[in-house]
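Novice: Encoded as structure tokens, here's the structure I'll be asking about.
Just so it is clear, none of the values below were taken in a lab; they were calculated from the coordinates. Owing to the predicted nature of the structure, the values given are computational and were not obtained by experimental measurement. Cβ atoms come from the backbone with ideal geometry, glycine included; neighbour counts cover every protein chain shown.
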Amino acid sequence: MKAFFITGTDTDVGKTFVTVCMLRTLINKQIRATAYKPIQSGAQWQGGEWIAPDVEMYRQVIDVTDEEGYTYLLQTPCSPHLAARMDGVTIEPNRIVAHVKKLQQTYDFVLVEGAGGIAVPLVDESFLVAHLAQALSLPLIIVARASVGTINHTVLTVEYARAHGLHIAGIIMNGFSTPTNEIERDNIRMIETMTGVPVIGNIPHMPDGSCGEVVWRKEWWQ
């Protein structure tokens, strides 16, 4: 069984979209895979019930139940620690760890998608996304933007992850122009040089939400 913890350099950097692209690759290779969002804030009211929008995106590729897809569904679209407080919910990290272990017993590959960036509080200032990754003992995939500003955000994320003793399997950069421009190509070069972490995937900007043009620079599924 293999698994990754997917985090980002920021919120709205494309973690869920990248997770879906990774899922599609695994399913196309006939690997029994699933994706899991431990804490989903910003639930949406649809058809008379609250739904997890990120899990709905997973369903573009896999048939995942709510019970498998998330542990906590919070209504307020903000940092999980505050959303939980506003919703009157107590987040228990041990429940998340147990959930992941159960998925690992069922599937050959599990993708765990974090909330926002790696320093986002999940319970309070003492338990962040980084601490959840530690508790799960999973290697990180960092999702970063392709555009200007990504060098700073990505290098800081890598250094913060290393300060918490986390292993980084690779970086996936999202939102490239078609064709790529010199700025974006240099961002890849500088990030790899400054961090020593390989950029394992380039994903172009795809308004239709498809994953057809993903360029995997490393066979991360092996």
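Novice: May I ask you to list the aspartates and glutamates whose Cα is less than 13 Å away from that of Lys101, ignoring any residue fewer than eight positions away on the same chain?
Specialist: Result set, ordered by chain and number: Glu68.
Novice: Run the reach check for Lys218 against aspartates and glutamates, Cα to Cα strictly under 14 Å, same-chain hits fewer than 8 apart removed. What comes back?
Specialist: Excluding near neighbours in sequence, the set is Glu192.
Novice: Quick one: compute the contact order of segment 181-222, relative version, from alpha carbon pairs under 8 angstrom and 6+ residues apart, as a percent.
Specialist: 31 percent.
Novice: Have a look at Lys29, Lys101, Lys15 and tell me which one the Gaussian network model of the chain (Cα, springs below 10 Å) gives the largest fluctuation.
Specialist: Comparing Lys29, Lys101, Lys15 in the GNM, the peak value goes to Lys29.
Novice: Now a separate question. How charged is the neighbourhood of Leu140? Take every other residue with its Cβ under 14 Å from the Cβ of Leu140, and add Lys/Arg as +1 and Asp/Glu as -1.
Specialist: Here the charged neighbours net out to +1.
Novice: Compute from the Cα atoms of the chain the Rg and the Dmax, the latter being the longest Cα-Cα distance, and quote both in angstrom.
Specialist: 16.6, 50
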